[in-house]
Amino acid sequence: MKISTIAFTDNGMEIAGRLADSFEDCEFEISRCARGGLSQWTEEHFTRDAIVFIGAMGIAVRAIAPFVKTKTKDPAVIVVDELGHFSIPVLSGHIGGANELAVKIADVLGAVPVITTATDINNVFAIDTWAKGENLRILNPECIKLVSSKLLKGKTVHVKSSYFIGGKLPENIQINDLKDLSDYDVIITHDNEDIEKINNKNILLLVPAIITAGIGCRRGIGFEIIEKSVLNALNKENCHILSLKAIASIDKKANEKGILEFAGKYGLPFNTYSAEELNSLEGDFTKSDFVKSVVSVDNVCERSAIAESKGELIRRKDAGNGVTVALAINEPVISWE
């Protein structure tokens, strides 16, 4: 986790140091605010996982206001007073993890965590927190409030899942087999056809990140061609783009600009493997003598997809415009607990 902390006083800097010592497993950065530099600092650090302001709440609110976008992308923002008495999540309490981080900070400082989200203070199941923990992407976050509202009123939330979900069902959550999709409150699937049928309805759509794309390409292939090739492969298998978990290739492509731009646009990890690692994989792959003569591997896209996902191929090599794409899937492991 990447945490940026900014303080305004000597006391604040001392608290920041205590936090840094306690979050050794995180990438922890400490800054002291210079006069007139808070807005620039906030903008530069708004891509981090979390921002901790050690000072007044009003300062933090004014600093982040111009940069707030959406609850699925905004970082966790926490305010700690300069005496370390209170730890207050301000932004992205559930999906961004601010509530959880605020509690951890409070434990370190011996402070009081001030949690204000309705589901937490009423001890009600929080669908967005659960989704994040189970690696389910939220397609339409505006529908989170509809689910939370029903749960807060003690009403039943009906869930349809394309995958087995283990553990004990939370209170007022039911897994159903209803006749009409519009009767559901939450649907969990990566099937794009199903999503298109129910999109724009008041149904929360959760997409598991279970697809890996293996990519091979000629040197210098542009981003637009890479993007079109991957999206075409996903579309042919009816996989929603949010189901894409990672992309992979051979190490010779580690600095391929088009692939790096694609990974950056969609926020995906891009991992590469050596020819030896790819050749060591057992299985039935679509072989190419030409590819082997160039990179010493008979198939880059299929082998790299399997190397990254440790799953199984659902689409073999798609080739066109100097790009090859293969898709592998790993069935999700989801639990209510």
Legend entry - From 166, 220, 258, 267, residue being in contact with a helix residue (DSSP H, G or I) (Cβ under 7 Å, 6 or more places away or on another chain) and not aromatic (Phe, Trp, Tyr): 258
Inset, instruction - Name the single residue, out of those in the range 264-311 being within 14 Å of residue 213 (Cβ to Cβ) and among the charged types (D, E, K, R), that is most open to solvent (accessible area, probe 1.4 Å). - result: 265
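Do we find that residue 321 is surrounded by fewer than 22 Cβ atoms within 10 Å (Cβ to Cβ), touching a strand residue (DSSP E or B) at 6+ places or on another chain (Cβ under 8 Å) and at pLDDT 90 or above in this structure?
Working: surrounded by fewer than 22 Cβ atoms within 10 Å (Cβ to Cβ): yes; touching a strand residue (DSSP E or B) at 6+ places or on another chain (Cβ under 8 Å): no; at pLDDT 90 or above: yes.
Against the criterion (surrounded by fewer than 22 Cβ atoms within 10 Å (Cβ to Cβ), touching a strand residue (DSSP E or B) at 6+ places or on another chain (Cβ under 8 Å) and at pLDDT 90 or above), residue 321 does not qualify.
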Inset, instruction - Report, ordered by the first and then the second residue, all pairs with beta carbons closer than 8 Å, sequence separation of six or more or different chains, a first member in the range 81-103 that is touching a residue at least 40 places away in the same chain (Cβ under 8 Å) and more than 24 Å from residue 70 (Cβ to Cβ), and a second member that is open to solvent by less than 40 Å² (accessible area, probe 1.4 Å) and not small (Gly, Ala, Ser). - result: 82/15; 82/54; 84/15; 84/109
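For residue 31, are the conditions met, namely being open to solvent by 60 Å² or more (accessible area, probe 1.4 Å), of a type in the set (S, T, N, Q) and modelled with pLDDT of 90 or more? Show your work before the answer.
Details: open to solvent by 60 Å² or more (accessible area, probe 1.4 Å): no; of a type in the set (S, T, N, Q): yes; modelled with pLDDT of 90 or more: yes.
No, not satisfied.
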Legend entry - Checking residue 135 against (1) of a type in the set (S, T, N, Q); (2) closer than 12 Å to residue 206 by Cα; (3) open to solvent by less than 30 Å² (accessible area, probe 1.4 Å), the condition it does not meet: (3)
Legend entry - Among (1) in contact with a strand residue (DSSP E or B) (Cβ under 7 Å, 6 or more places away or on another chain); (2) more than 25 Å from residue 330 (Cβ to Cβ) - the single one residue 188 does not satisfy: (2)
Inset, instruction - Considering only residues that are surrounded by 19 or more Cβ atoms within 10 Å (Cβ to Cβ) and over 22 Å from the mean Cα position of the chain (by Cα), look in the range 186-222 and name the one that is nearest to residue 262 (Cα to Cα). - result: 221
Legend entry - Yes/no for residue 247 being part of a strand (DSSP E or B) and open to solvent by 30 Å² or more (accessible area, probe 1.4 Å): no
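The values are calculated or read from the model by the stated rules, or taken from the named source; none is laboratory data. For clarity, every value in this text was computed on a predicted model and none was experimentally measured. Don't worry about glycine lacking a Cβ; one is built from the backbone with ideal geometry, like all the others, and counts go over all protein chains shown. With ligands, DNA and RNA removed, areas are computed over all heavy atoms of the protein, side chains included. Shrake-Rupley method; radii C 1.70, N 1.55, O 1.52, S 1.80 Å.
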